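Novice: Before we start, here is the structure in question, set down as structure tokens.
Just so you know, all these numbers are worked out from the coordinates, no wet-lab data involved. Only a predicted model underlies this, so the values are computations on that prediction, with no experimental measurement involved. Backbone-built Cβ (ideal geometry, glycine too); neighbour counts: all protein chains shown.
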Amino acid sequence: LAPDCEILQELGKLYPLEIVFGMNGRIWVKAKTIQQTLILANILEACEHMTADQRKQIFSRLAES
């Protein structure tokens, strides 16, 4: 919920997105295409178990592609 969250900043650089965090713990994500939305959802789910260095590697790989 922090506005300066580095994960959200990096995701915003990759794809334009809308994201909403519910008080019940649910996260709603919307991007330009369904494919981008699915990519963002998978990244968010994977980031839960990654270290900061692992996240940086993933985001740099995605930025290259």
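Novice: Under the rule of -39500 (n - 2.57) per DSSP H run of 4 or more residues, summed and divided by the residues of the chain, what mean residue ellipticity at 222 nm is obtained, to the nearest 500 deg cm²/dmol?
Specialist: For the chain, the value works out to -17000 deg cm²/dmol.
Novice: Oh, and also: Loop only by DSSP, 11 or fewer other Cβ within 10 Å of the Cβ. Give me the trypsin sites (Lys or Arg not before Pro) in the chain that pass, ordered by residue number.
Specialist: Working: sites: LYS13, ARG26, LYS30, LYS32, ARG55, LYS56, ARG61; in loops: ARG26, LYS32.
Of the trypsin sites (Lys or Arg not before Pro), the ones in loops of the chain whose Cβ has at most 11 other Cβ atoms within 10 Å are ARG26, LYS32.
Novice: Answer with one residue from HIS49, MET23, ALA2: the one whose Cα lies farthest towards the positive end of the charge dipole of the chain, charges on Cβ with Lys, Arg +1 and Asp, Glu -1.
Specialist: The residue sitting farthest along the positive end of the dipole is MET23.
Novice: If you don't mind, another one. Could you calculate the contour length gain from THR33 to GLU45, that is, 0.36 nm times the residue separation minus the distance between their Cα atoms, to one decimal place in nm?
Specialist: 2.5 nm
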